[in-house]
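J.: Shown below is the structure under consideration.
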Amino acid sequence: MPTLVYFPVRGRAEAMRTLLTDQNITYEEVNAGPRENWVENWKPKMQFGQCPCYTDDDGFQLVQSNAILAYLGRKYDLYGSDIKQASILDMMNSAVEDLRGAYVRMIYQNYEAGKEPFIKELPEKLQPFENLLKPTKGYILGEKISWVDYNLFDLLDILVIFSPGCLDAFPAVKAFYERVLARPGVQKRRQTDHFKNMPVNGNGKQ
Ligand code: 0HH
């Protein structure tokens with residue numbers, strides 16, 4: 001069975017947990033913590049000294065959250081139908097990563113001073129997603145869900161916690177968020193105690 005090694009937070013693993021559950025891929029979650037366990041037993045085994053780490057059935061080990069998501073996309077036919085669609089997904093995922101990176105830096109390095117400016121700048125960061133999602137009327141590529149939809153959904157999910165109502169001015173983004181949220185497999189994940197009891201970030205801020 002594939003394993004996912006990470007800490008008990010949503011962080012950079014929740015998008016892949018959601019994808020795996022929604023796609024009916026059975027996997028085992030392994031808690032990399034606490035800190036001493038991580039430092040002694042896990043960190044030295046990670047290619048870049050960090051997790052999440054996904055190890056497939058055949059022992060193929062990957063780290064870097066975006067590489068893991070893209071691998072799952074390739075493996076489970078969630079990467080579009082041609083190179084243009086795949087490239088649209090790459091573009092969207094890079095934009096998701098830009099916004100997630102800004103969020104992570106604010107949460108871990110500059111929460112008190114950075115919170116209000118982040119909220120103020122959020123609309124201009126969400127506008128391009130609105131523009132791109134408006135014509136698709138579904139997921140990023142239209143009817144079929146992709147690996148990037150799970151990543152974008154997870155990003156929106158943590159932004160809604162951080163700034164409730166932040167999607168209200170973006171009807172296409174909001175409809176996208178609600179569409180993914182309503183998927184039975186996504187609900188299945190969210191109804192687990194594992195999900196419900198898990199903090200968003202490792203420092204208690206959200
Ligand atoms: N670019 C990488 C990716 O996208 C970044 C991964 C990363 O930052 O996959 N990993 C962090 C954990 S995410 C990591 O491995 C933050 C979760 C905080 C959980 C708190 C528990 C910490 C206990 C040690 N960090 C550990 C490390 O760098 O040693």
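The values are calculated or read from the model by the stated rules, or taken from the named source; none is laboratory data. As the structure is a computational prediction, the values presented were derived from the model and not from experiment. Please note: Cβ atoms are built from the backbone with ideal geometry, for glycine as well, and neighbour counts cover all protein chains shown.
J.: So, of the residues in region 122-151 that are among the small types (Gly, Ala, Ser) and assigned to a loop (DSSP other than H, G, I, E, B), which turns out to be farthest from the chain's Cα centre (by Cα)?
T.: By that ranking, first place goes to Gly138.
J.: Of (1) in the same structural domain as Arg12 (by the TED database); (2) more than 9 Å from the ligand (Cβ to nearest atom); (3) without any contact (Cβ under 8 Å) to a residue 24 or more places away in the chain; (4) loosely packed, with under 15 Cβ neighbours inside 10 Å, Leu62 satisfies all except one. Which?
T.: (4)
J.: Next question, about the same structure. Which of the residues belonging to region 173-206 are part of a helix (DSSP H, G or I), of a type in the set (D, E, K, R) and in contact with a helix residue (DSSP H, G or I) (Cβ under 8 Å, 6 or more places away or on another chain)?
T.: Lys188, Arg189, Arg190, Lys196 - these are the residues of region 173-206 that are part of a helix (DSSP H, G or I), of a type in the set (D, E, K, R) and in contact with a helix residue (DSSP H, G or I) (Cβ under 8 Å, 6 or more places away or on another chain).
J.: Here is a list of conditions, (1) among the β-branched types (Val, Ile, Thr); (2) over 18 Å from the mean Cα position of the chain (by Cα); (3) closer than 23 Å to Val30 by Cβ, and Ile119 meets all of them except one; can you say which number that is?
T.: Going through (1) among the β-branched types (Val, Ile, Thr); (2) over 18 Å from the mean Cα position of the chain (by Cα); (3) closer than 23 Å to Val30 by Cβ one by one, Ile119 breaks only (3).
J.: Report whether or not Asp90 is more than 9 Å from the ligand (Cβ to nearest atom), charged (D, E, K, R), at pLDDT 95 or above and assigned by the TED database to the domain that holds Leu141. Break it down into steps so the answer makes sense when it comes.
T.: Details: more than 9 Å from the ligand (Cβ to nearest atom): yes; charged (D, E, K, R): yes; at pLDDT 95 or above: yes; assigned by the TED database to the domain that holds Leu141: yes.
When the stated conditions are applied, Asp90 passes them.
A quick yes/no check of all residues on (1) over 19 Å from Gly101 (Cα atoms); (2) loosely packed, with under 12 Cβ neighbours inside 10 Å; (3) assigned by the TED database to the domain that holds Phe118; (4) in contact with a His (Cβ under 7 Å, 6 or more places away or on another chain):
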position: Tyr150; (1), (2), (3), (4): no, no, yes, no
position: Phe153; (1), (2), (3), (4): no, no, yes, no
position: Pro164; (1), (2), (3), (4): yes, yes, yes, no
position: Asp168; (1), (2), (3), (4): yes, yes, yes, no
position: Ala172; (1), (2), (3), (4): yes, no, yes, no
position: Tyr177; (1), (2), (3), (4): yes, no, yes, no
position: Asp193; (1), (2), (3), (4): yes, yes, no, no
position: Gly202; (1), (2), (3), (4): no, no, no, no
position: Gln206; (1), (2), (3), (4): no, no, no, no
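J.: In region 19-38, what residues are loosely packed, with under 13 Cβ neighbours inside 10 Å and either part of a helix (DSSP H, G or I) or without any contact (Cβ under 8 Å) to a residue 40 or more places away in the chain (or both)?
T.: Scanning region 19-38 gives Thr26, Glu28, Asn31, Pro34, Arg35, Glu36, Asn37.
J.: If you don't mind, another one. Take the residues of region 1-18 that are among the β-branched types (Val, Ile, Thr) and not in a strand (DSSP E or B): which is nearest to the chain's Cα centre (by Cα)?
T.: Thr18
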